[in-house]
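Report on the following structure.
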Amino acid sequence: MELGQLTTDEAIAFENKYGAHNYHPLPVVLDRGEGVYVWDVEGKKYFDFLSAYSAVNQGHCHPRIVDAMVEQAKRLTLTSRAFFNSRLGEYEKFVTEYFSFDKVLPMNSGAEAVETAIKIARKYGYEKMGVTPDRAKIIVANDNFHGRTTTIVSFSNDQDARKNFGPYTPGFESIAYNDLDALSNAVKEENVVAFLVEPIQGEAGVNTPADDYIQKAKAVCAENNVLFIADEIQTGIARTGALLAVCGNCSCEGHCERQAATYTRPDLLILGKALSGGAYPVSAVLADDEIMNVIKPGEHGSTFGGNPIAAAVAIAALEVVKDEKLAQNARRLGEIFRAEMSKLADELSIVKLVRGRGLLNAVLINDTEDSSTAWDICVKLMENGLLAKPTHGNIIRFAPPLVMTEEQLMECIAIIKSTIAEFEK
Ligand SMILES: *Cc1c(COP(=O)(O)O)cnc(C)c1O
């Protein structure tokens, strides 16, 4: 049997038999991707409206990113950090200038970068803030999603994510999202070192806070000498119509002086997913010297973190975002998408509302939380050539690659409208 020659049914049967059942995928087996499109093993073409949870913002198999990866793979793939490598310094200069921070700590997966930020914040708390030894506390938000490690699931309130994975890591307190009073109270408690938050909660169903929440939350943290940590693994890199969601309404692709009135500067910025355009696992924590310098040799690391392929791929991925003006495109197409979906919500009772920013949006289905309507709609969308995935509680997230054109978007909106209309009772 030749590799990659399985039929849909065979490929699914193999995954079911030989793979752990830690996901519940739609029954489609993808084999090829290009830009906003993916093709299944039978050759059927689809619009991708998940973009691998916003990792593929630059579109599938972007030639510049793939070329950078292949070229570097032929030259040098991994040295470990026991030695310097010829690409890492160049990448570190590039990425820190791109996001206007003094330093970067490179990792691979998003969860690793979140763990890294937690470690830096705790260490900074003990060494610079006078926090009582072993008592550091980090405030998080209800319904957060920050990854899957034992520590991270310890402060999740999603029962699927945490049940039977205890004992849980102490040192976290969860408060209501989008609630500044709750934050003001929490940061006044003893030994609080940081507030860790997503500017929009993607996995929770594109839970979008008040426009000024992030800016005011940072101000509350600053007044109380608490670090503000933004997890932009899903919202960052142009997804929400700005280079970062914390940029607010500035869509300059990251080369302004970051003086926009709406820009909220995190003390620690966590990136992943689209940092590589989906080509390779690349994540990062960015911070200024004062904070990053608490980490010294031997205190943190990763065999693959900062490897030459990751460095080359991330530079190419970030150049594509700037050169192709992806933030501006996401902003413009996002407005069209939400306007059209709002019309649909007015016309159909099955659609409750649409929410989101840029091209990170969700349509809420008007049905009981535990019904399978959103799933059934996604299966029908798949049959009609568009791939989207339901999230908790009858919500469908729509997040296409940011290289989409307006013409393609209108074609997709037509598919979504006619498919959802079939479910109107
Ligand atoms: C996906 C995601 C993570 C985890 O990233 P992995 O690469 O899956 O470990 C963390 N935070 C947010 C907001 C995410 O969307």
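Neighbour counts of other C-beta atoms within 10 Å: give me Asp179, Asp134 arranged from fewest to most. Before the final figure, lay out each step's value.
Working: Asp179 17, Asp134 10.
The order, fewest Cβ neighbours first, is Asp134, Asp179.
Calculated mean residue ellipticity at 222 nm for the chain: -11000 deg cm²/dmol, from DSSP H runs with n ≥ 4 weighted as -39500 (n - 2.57), summed, divided by the residue count and rounded to 500. Among the listed pairs Lys273/Lys352; Lys273/Lys322; Lys93/Lys322; Lys322/Lys389; Lys380/Lys417; Lys322/Lys343, those whose Cα-Cα separation exceeds 21 Å are Lys273/Lys352; Lys322/Lys389; Lys322/Lys343. Distance from the C-alpha centroid of segment 95-112 to that of segment 364-425: 34 Å, rounded to the whole angstrom.
The order of Lys163, Lys44, going from fewest to most other C-beta atoms within 10 Å of their C-beta, is Lys163, Lys44.
By how many nm would the segment from Leu78 to Ala182 lengthen if fully extended, with 0.36 nm per residue of separation less the alpha-carbon distance?
On the way: separation 104, 0.36 × 104 = 37.44 nm, distance 4.54 nm.
Full extension from Leu78 to Ala182 adds 32.9 nm.
Put simply, the Cα atoms of segment 128-215 extend 37, 36, 18 Å along their principal axes, the longest span coming first. Beta-bridge orientation, the chain: approximately 65 percent antiparallel, per DSSP, counting only bridges with both partners inside. About the centre of its Cα atoms, segment 6-51 shows a dipole size close to 60 debye [charges on the beta carbon of Lys, Arg (+1) and Asp, Glu (-1) only; nearest 20 debye]. In this label model, Thr132 and Thr149 are separated by 2.5 nm, measuring between points 7 Å along each Cα→Cβ vector.
Considering the chain at the alpha-carbon level, its Rg and Dmax are found to be 21.4, 64 Å. Annotation for Glu347 and Glu10: the two label points, set 7 Å from Cα along the Cα-Cβ direction, are 4.3 nm apart.
Taken as Cα centroids, segment 164-219 and segment 26-77 sit 33 Å apart, rounded to the nearest whole angstrom. Relative to its Kirkwood radius, the Cα radius of gyration of segment 218-363 gives an Rg/Rh of 1.04. Computed about the Cα centre, the dipole magnitude for segment 38-178 is approximately 380 debye when only Lys and Arg (+1) and Asp and Glu (-1) carry charge, each at its Cβ.
Listed by chain and number, the aspartates and glutamates whose alpha-carbon sits under 12 Å from that of Lys216, ignoring those within fewer than 8 places in the same chain, are Asp179, Asp181.
Note the full-extension length gain between Glu383 and Lys325 as 0.36 nm times their separation in residues minus their Cα-Cα distance, in nm to one decimal.
Numbers: separation 58, 0.36 × 58 = 20.88 nm, distance 3.18 nm.
Contour length minus the Cα-Cα distance gives 17.7 nm.
Under the criterion of Cα pairs below 8 Å and six or more residues apart, the relative contact order for the chain equals 22 percent.
Among 306-316, 332-342, 403-413, what's the highest-first ranking by average C-beta atoms within 10 angstrom per residue?
Numbers: 306-316: 25.0, 332-342: 18.1, 403-413: 16.5.
The most tightly packed comes first, giving 306-316, 332-342, 403-413.
Between Glu335 and Thr303, the modelled label-to-label distance comes to 4.9 nm, taking each label 7 Å out from Cα in the direction of the beta carbon.
Where a number appears in this text, it was derived from the coordinates with a stated rule and is not lab data. Remember, predicted model here, so these are calculated numbers, not experimental data. Positions of Cβ are backbone-derived with ideal geometry, glycine not excepted, and every protein chain shown enters the neighbour counts.
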